[in-house]
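Worksheet: one structure, shown below.
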């Protein structure tokens, strides 16, 4: 390990994950710098930081923090490109498809009129998401055209152009769960099922999804690593659907992954894995 | 030329530029497909298109169109990455700085509090922009702290997180003009001065800036090509400031460049240059 | 008629209604002043206008235009108070209830949490509207709690506090239609049914609702006049639901009523009625 | 006093004022009901409340709470009309002008184009406010046309139509202060100067304005009472400018007045005055 490897943990809203990462880095003997990105100005001069672990909840704060560190000559984990490619679902599917991964049937409408045509391509029932967003927010299950009309009308009122964009995928009727894997470097370090709560069709932990350890087979490992690689991800999570015919479809990649739920489900010490990777990759 | 090279011109609001490109492509014998991205659904299956010239005015429509074409195996000019890197000013400076180009003194605040510190770093007078935006919109000249307070208060009311981000640069007191160059492939094909109008401090043509032909020296050519390369740009414009000590600072890069003004100023047939490049690069 | 009665027709987006009103006023020998409220400044000095017919589509432009005319000593039809009381559905029910009129079961939540409690009070199926809005926009039919969750999540993203407010009423399962009456002064001058279109549960003409002449009985006349009076309305439309037990419930009052559909359904010359009323009431 | 007078204190964000009002009411022997309007549903059935003191910070929450109470047969102080007339600056000047009070020179533009004409009417320097808003927020001092351009551009980006409306008044170059009076019923119970802080041109206490006791003469009393009456106010504050020629101009009326600053400056027990008024007026 280089002497005095200085690791920044850049955050906007500190969660348990960031505290655990800071602790693991300190235990490992690294110098830790905690940066609240909402409280400090970023210049382009090189700061005394070797690696920045970008952990902002706001997608654009994460992208911009990574980019500003990169511009100043500091390695960002994940890189600004990875955070972008995984944070915007359209960029994600573009990368995943180009990498040959299997996806749910997908169509995109960049405006309301186009959205109707996109839904026609995908068929009902479908899932309609804005390209940007976390924790299942504004992710709508379309059971019929009235659901869709309601979603389109509301989204039209939103100021952001992102919100007027409809990312539509066939609804995969999960066996009551989906799978999340966590990749650190070239390794899948943990996997869990997220079981659908009783009062929501979505499996997000933030909405009440229940984590449980998942069995990792070779196919799941290969898909996870390929998905991570498709977005250039170093520390990312990958969400996978199981289908009735036994194949796996990649749903999403997360470039600033939460991992409380994964730790609860699997007892893997994820912060240690991340810190070890940061040290290992800095050596090279 | 390959038989039947099919070129898509993807637009949201058709401008003179898109019509000229379509005509130049037809003259060259290409098959032209005009796509209004607001009226059609994008799937991920390969369409009968070889190259997509992405010409959307909305930055995110441009990024998403390029990405959706790339995901479906179609080359996009510019690529989704280029459009992102040049469309978001923070990503742009990150790339330009990492590439060793000279920039105006820059600092970024991701929130209002941070913005005050960013302004302190840069000093007054300064220019404050949101990271996303075109035609000089919401670009504010800060002469004093009251100007800044006003900008911060208004930006806080805007829903988009981008608008709460302050990209602040020293105000370069131009000799009444800036320079715009247009790069196609590896060549700088045109350059103009944009003279400041009488009723605005900004030089944007949309705000009344007056185009005039500019002299291209080796340094300007080199800087332009390096800036284009920094964002992976194939057809981009680069905005450059002249300083009192005779050096050049790169201000912005545009990944969906307008070029009416440039054609008026220089008489270069830009659509032909672009179409020739598309054909030439498709051959390789 | 007073000599030289000067009538202003104040509009933001001129529709057929405004043109017909202008023509009817000219035929009647009035001096007509057309005012595009988006193009002119309002001062508080008295203009050469006797009455202002406020016909702005934007509710707040209508309110402000009426108020600015009133402040300058010009009678506005409708008054700013009437436009407010009828334009904001919460103010409307407040007035209608205080006046003893029958309404659908109603509850209001000023925020998302409160909205869940409001829905509990009303029960399913229900109709959820923002307090401000026209043409059925964002009016949602809640068949189940998933519909409601979707509406609440989308509304929370909207910047305006109005949009976070949920005005919830029991869903009246109309006999495929509702009734709209038009009141001018103390007279109900026209009435129509609006038949539900095949592809929407709402009856708004803008959404495809089909107008047909309606039979006016004494009860309907009395209810219409009392509803108009409750908001101080001079020229307003009133929307009424029929219930299975034969009673009438007042749904909405419109202070800047469109009347194209009514004219088509009933052949009543509404512009003439309005102009006559303006002249008659100016005399007093 | 009637037995068991039940007073509701309706709030969204409880401030010191609401706590003091609750305490004063309890001391006076009233039954106090605290209502967080964001946590409960409002129906139209009569609740066990005699008077509702409406103390919501959000203007529309205050208006809607008052209206919902009125609809259910409960007296609201202030009434929904008063809160509207004082909460929307255009409605305020309309009422004040019609009541013959002196105002700063005022013009309104309902859109950007119109705003330029409104500024022409008023001249520079001027003050530009959105019609709705508190604590001086988005209130801009226009020293020159560049300030104005900046304000107009930013306001155009805001989704709300209110924000696109420019309420423009001549800038009254105060003797470093303005005057705030508080009216309870027919009495002016307190008055203070608000001295401009060193780092802002606005005198709002929230922005650092310094309160000091003010001398109340007959003219100031008369103007305050007339302004309160113009909006039907029972418990309101009135902001007054002094001019160089010794006359008073009414600036604003506040229908949900804060009074911490006034109590600090004058030692008047304002909560007691308000509670006494509520009891006194309930008797009638």
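Only beta bridges with both residues in chain D are counted; by DSSP, about 75 percent of them are antiparallel.
Take each residue in D:145-152, count the other chain C-beta atoms within 10 Å of its C-beta, and the mean is 4.
Of the beta bridges in the protein assembly as shown, as assigned by DSSP with both residues counted there, near 75 percent are antiparallel.
The value obtained for segment D:123-205, namely the Cα convex hull volume divided by the number of residues, is 125 Å³ per residue. Here the label points at residue A:173 and residue C:27, each 7 Å from Cα along the C-beta direction, are separated by 6.2 nm in the simple model. Each other copy places its own label point for residue D:120 at 4.4, 4.9, 5.8 nm from this one, sorted shortest first, where the point lies 7 Å along the Cα-to-beta carbon line. Relative contact order of segment B:122-237: 22 percent, from C-alpha pairs under 8 Å at least 6 residues apart in sequence. Legend: ranking of residues C:229, B:28, A:97 from fewest to most surrounding C-beta atoms inside 10 Å; resulting order C:229, B:28, A:97. Computed from Cα atoms, the angle from the helix B:270-283 axis to the main principal axis of chain B rounds to 60 degrees.
When the alpha-carbon atoms of chain D are used, the pair Rg, Dmax equals 19.2, 62 angstrom. Once you reduce segment D:170-220 and segment C:66-84 to the center of their Cα atoms, the two points are 30 Å from each other. The other copies place their residue D:26 label points at 4.3, 7.0, 8.1 nm from this one, listed shortest first, where each point is 7 Å from Cα along Cα→Cβ. Sorted shortest first, the distances from the residue C:13 label point to those of the same residue in the other copies are 1.7, 3.4, 3.6 nm; each point sits 7 Å from Cα along Cα-to-Cβ. Each of C:224, D:198 was scored by other Cβ atoms within 10 Å of its Cβ. Arranged with the fewest first, they read D:198, C:224.
Here segment B:1-158 carries DSSP beta bridges of which approximately 20% are antiparallel, counting only pairs with both residues inside. Note on segment B:6-82: Kirkwood radius taken over Cα pairs, Stokes-Einstein applied at 4 °C and 1.567 mPa s, translational D equal to 106 µm² s⁻¹. Give me the one-decimal nm value for the distance between modelled label points at residue C:134 and residue C:244, 7 Å along each residue's Cα-to-Cβ direction. The answer from the label model is 3.6 nm. Given a cut-off of under 8 Å on Cα pairs at least six residues apart, what relative contact order in percent is computed for segment D:190-268? Here the relative contact order equals 28 percent. The packing ranking of peptides A:110-123, B:83-96, B:253-266, highest mean first, is B:83-96, B:253-266, A:110-123, where packing means the average number of other beta carbon atoms within 10 angstrom of each residue. Cβ crowding within 10 Å, taken as a proxy for footprinting-reagent exposure, orders C:134, A:267 from fewest neighbours to most as A:267, C:134. Per-residue shielding of C:109-119, expressed as the average number of other chain Cβ atoms within 10 Å of the residue Cβ, stands at 5. Once both labels are positioned 7 Å from their Cα atoms along Cα-to-Cβ, the gap between residue A:216 and residue C:75 label points is 8.2 nm.
Kirkwood Rh, the protein assembly as shown, all Cα pairs: how many Å? Here the Kirkwood hydrodynamic radius works out to 32.6 Å. Within 10 Å of the Cβ of each residue in A:32-44, the mean number of Cβ atoms contributed by other protein chains is 6. Expressed as a fraction of 2.2 N^0.38 Å, the C-alpha radius of gyration for segment B:105-170 is 0.95. For chain D, averaging the sequence separation of C-alpha pairs within contact (under 8 Å, six or more residues apart) and dividing by the residue count gives a relative contact order of 18 percent. Treating the angle as unsigned and between 0 and 90°, give the value, to the nearest 10°, between the Cα long axis of helix A:59-71 and the longest Cα principal axis of chain A. Taking the Cα atoms of chain A, the angle to A:59-71 is about 40 degrees.
Kindly express, to the nearest 10 degrees and within the range 0 to 90, the angle between helix B:89-98's C-alpha long axis and the longest C-alpha principal axis of chain B. Once rounded, the angle reads 90 degrees.
Every number in this text was worked out from the coordinates using simple rules, so none of it is lab data. Quick caveat: nothing in here was measured; it's all calculated off a predicted structure. FYI the Cβ positions are ideal-geometry reconstructions off the backbone, even for glycines, and counts take in every protein chain you see.
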